[in-house]
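Input: a single structure, listed below in structure tokens.
Just so it is clear, none of the values below were taken in a lab; they were calculated from the coordinates. All values derive from a computational prediction rather than experimental measurement. All Cβ positions, even for glycine, are placed from backbone atoms using ideal geometry, and neighbour counts span all protein chains on display.
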Amino acid sequence: MGSTSDDAALIAELVDRLGHDRVHHSSVDRALHRRDASLIDVGESGPICFPRSTAEVVACVQVARRHDRPFVARGAGTGLAGGAVPLEGAVVIVTTRMDAVLSIDAENLVAWVEPGVVNLDLSRRLAPLRLHFAPDPSSQQACTIGGNVANNSGGPHCLALGVTSAHVLAVEVVLPDGEVAMLGGLDPDPVGYDLRGAFVGGEGTLGIATRIAVRLTPNPVEVRTMLLGFGQVDDAAATVSGIIGAGVVPAAIEMMDALITRAAEDFVHAGYPLDAAAILLVEVDGPPARVAADVEVVERVAREHRVGSVRLASDAAERELLWKGRKSAFGAVARVMPNYYLHDTVVPRRRLVEVMRQVYEIAARHDLLVMNVFHAGDGNLHPLLMFDGREPGVLERVHAAGAEIVAASLAAGGVLSGEHGIGLEKQSFMELQFSSDDLAAQARLRAAFDPYGRSNPGKVLPLGASCADVASLRRVPDGTWI
Amino acid sequence: MDAPGPRPFRAALHELAAEVGDQGPVAMVGGRTAWDVGGSVADDVREVRAPEGIVSIEPAEMTVRVGAGTPAAELDAALADSGQEVVIGGRKGGTVGGALAVGWSSIRRPAVGPARDCLLEAVIVGADGRLVRAGGPTVKNVTGYDLCRLLAGSLGTLGFIGEVLLRTRPRPELSAWMRGPWEPGVEPRLVVRPAAHLWDGTRSWLLLEGHPDDVERSMGTLQAEGGQEVDAPPPLPPHRWSLDPSTLGALLHDDHGGFVAEVGVGTVHRDLPQPVREVGPAVRTLHQRMTALFDPSGRLNPGRDVLHR
């Protein structure tokens, strides 16, 4: 299934609906769309469609269904867990040409956008109104709001404000059966179950978002960004829970260890302290007195943990420079090694010190270099295992070390993913966090949206859990969804 | 290092699961303060209650684990010692689990967000009498499907909430209610964004929270615009309406009587209940499938329907 020759009838029908220029199916196009930003290499792309409207998305879904072919929605393809990787020749429905900001209501703090709007473009559009869209993943220059909804994306500034789910009021969705549903609403308590909340983070397995009402956040009155340099990683990690424990929830607390600080400094010359074992980038915002008081608390807690250097950005330009180093860290690591595997787990903040130690031990044991740049404030680890893909056998070591980091995070009371999602990458780990009963309940949620497994099948839930899926379906009275 | 694996449940939850069982209609009872929301459960249905009591408070984690049967007031008092709070809606005398199952948010929603967003993890008893853990133990988590959002406001129809892990927040150092002749949309420029803005068609009540200096500065701004400090917001009529906040101006001209509206949110408190809201056919189908999959025999809280709340 999925080879060019098998697809002739499917392609003909898609072309009939969208036109030749918006249905791609050459081997080059398929190669371009069979992967996301992860190392996952098992994808097999069917025809690739570029709809421009909800009606065209419906058409794509219906055509795929008639040809008994699954479909997968795709935004910018920046995902890191394989969520948008097509399996078994799935029809790829790319939403990047649905990229209009439909309306902005500055008074009621809501904007309607199409799924292909790029995250940073939205905040740039909002800047003259002194508003922004709070989730700011590191890929925000490329990733789309539709992708953010699918992954329930985070970012540095989700510490105080919450991840994407907290910023989505309503989603128009093309369901896997081709029906269109409006989930959630602009009113505070839409009638019925919170299907909006269930849909966000569904990794494309529950349908395709075609219009999204996002909550807009007013820019803070004041912002202070601090750079704290520590001689010991432990002290930096302990400062994080110390700040929260002292009753301050900063807008962001990011941590970078020495290796990645050096790589970022070489790249952007932000003036990061190169003698520090770890740095914290702490941002507090709000009204003036609140901000001043919070800066004092952060400094006090940092000094209690032997901070070596404290730098307070004096103006917006310096603040942006400090952030530029953080935000370009992933690009900067290419100077160290050609490849990296980026992990994403969460641990309770108070366990950061010990889990960080374990991460270094695990990497050393597998003879791998590790760099850490992560959302320390919410315990969201992002260890980068560095390697050179030309070295024979190195990927096995990378995967083994990754599995141990995941296990260490769970053993510390953590979870598998803080913002990248499960996709294909972490399916096999799901049973480490959830019982079969837990997974059966998740399978029910999925089955309610997609009883026949048409939308991005083979993702998120471990393959065994699909049995529970089917068993649940058999208990449904006849005719329930006719 | 401990071997990772699904975490065990404490005994009180196993007892609840056994009590719920897998046969016959059963109702979860909290404080009975919102017992009529979404329809009533028949009197002869067997009743169960969730475990009471606080399991653990982690101030540096900003989380609290609590039995769902714990009175909300007890949770609030316990968190006060560490200068934190969990802000969920619900009437006086209600339980934590009841407030989450009903899903009402506090009038402080502009500052603290909707109630559903504090639910990090829930242990529920399903219709098959088995314990299920939804969500996860950390403040950030996208592992698997977001059952917690589905459970908040579900009126117990998908599973009974036995225990929850909630996100806490710092208590504001100072809170003050200001009353004045302001209208929505003409709210003065304040350094503190109001934690609540109530409006009855002629007057507004603004709740200011935060650092004392910021709050006092904003109080000064409001006093200069005809405002005065008051002890409390106006009494809220008993029924809650959920309206698009951009449409609140129309309340002045409808014929459903007086109101106290939450400006910027859209919750409107009135003497009469909101007429039943229609949903589209696709959303209705999703609801039917959801209840059919989670509770095929309709044994959990029979008589209550989220589409009729």
Worksheet item: Can you give the three extents of the C-alpha atoms in the protein assembly as shown along their principal axes, from longest to shortest, in whole Å?
Response: 72, 68, 54
Discussion item. Filter chain B for me: DSSP H helices, axial length by Cα at least 15 angstrom, mean Kyte-Doolittle hydropathy not below 0.0. List them by residue number.
Written reply: B:281-294
Item to complete: With viscosity set to 1.002 mPa s and temperature to 20 °C, compute the Stokes-Einstein D of segment A:191-290, Rh being the Kirkwood radius across alpha carbon pairs; µm²/s, no decimals.
Response: 127
Fill in: Unit Cα scatterers, Debye sum, segment A:337-411: log10 I(q)/I(0) for q = 0.21, 0.25, 0.26, 0.27 Å⁻¹
-0.84, -1.13, -1.21, -1.29
Worksheet entry | Principal axis dimensions, largest first and in whole angstrom, of segment A:72-150 by Cα | 47, 23, 16
Worksheet item: For segment B:146-212, what percent of Cα pairs sit more than 17 Å apart?
Response: 59
Discussion item. Order these by the 10 Å Cβ neighbour count, fewest first: B:PHE294, B:PHE9, A:PHE330, A:PHE199.
Written reply: B:PHE9, A:PHE330, B:PHE294, A:PHE199
Worksheet item: If you rank B:ILE88, B:ILE57, A:ILE253 by fewest surrounding Cβ atoms within 10 Å, what's the result?
Response: B:ILE57, B:ILE88, A:ILE253
Fill in: Inter-label distance for B:ARG189 and A:ASP315, nm, one decimal - labels placed 7 Å from Cα along Cα-to-Cβ
2.2
Worksheet, complete the sentence: chain B, Gaussian network, Cα under 10 Å: of B:VAL279, B:VAL86, B:VAL96, the residue fluctuating most is B:VAL279
Worksheet, complete the sentence: For segment A:286-404 the translational diffusion coefficient, Stokes-Einstein from a Kirkwood Rh over Cα pairs at 20 °C and viscosity 1.002 mPa s, in µm²/s, is roughly 128
Worksheet item: What is the order of A:TYR360, A:TYR272, fewest Cβ neighbours within 10 Å to most?
Response: A:TYR360, A:TYR272
Worksheet item: Which number comes out as Rg/Rh for segment A:117-262 once both Rg and the Kirkwood Rh are worked out on C-alpha atoms?
Response: 1.04
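Please report, in cubic angstrom per residue, the volume enclosed by the convex hull of the alpha-carbon atoms of segment B:32-152.
Value for segment B:32-152: 125 Å³ per residue.
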Practice prompt. Treating the Cα atoms of segment B:82-162 as identical point scatterers in vacuum, please give the log10 of the normalised Debye intensity I(q)/I(0) at q = 0.13, 0.17 Å⁻¹, two decimals.
Written response: -0.40, -0.68
Fill in: Space enclosed by the convex hull of the alpha-carbon atoms of chain B, per residue, Å³
152
Fill in: Taking only Cα atoms of segment A:4-96, radius of gyration then Dmax in Å
12.1, 35
Worksheet item: DSSP beta bridges in segment A:4-96, what fraction antiparallel, as a percent rounded to 5?
Response: 20
Practice prompt. May I ask for the angle, rounded to the nearest 10°, between helix A:316-327 and the longest principal axis of chain A, with both axes built from Cα atoms and the value confined to 0 to 90°?
Written response: 60
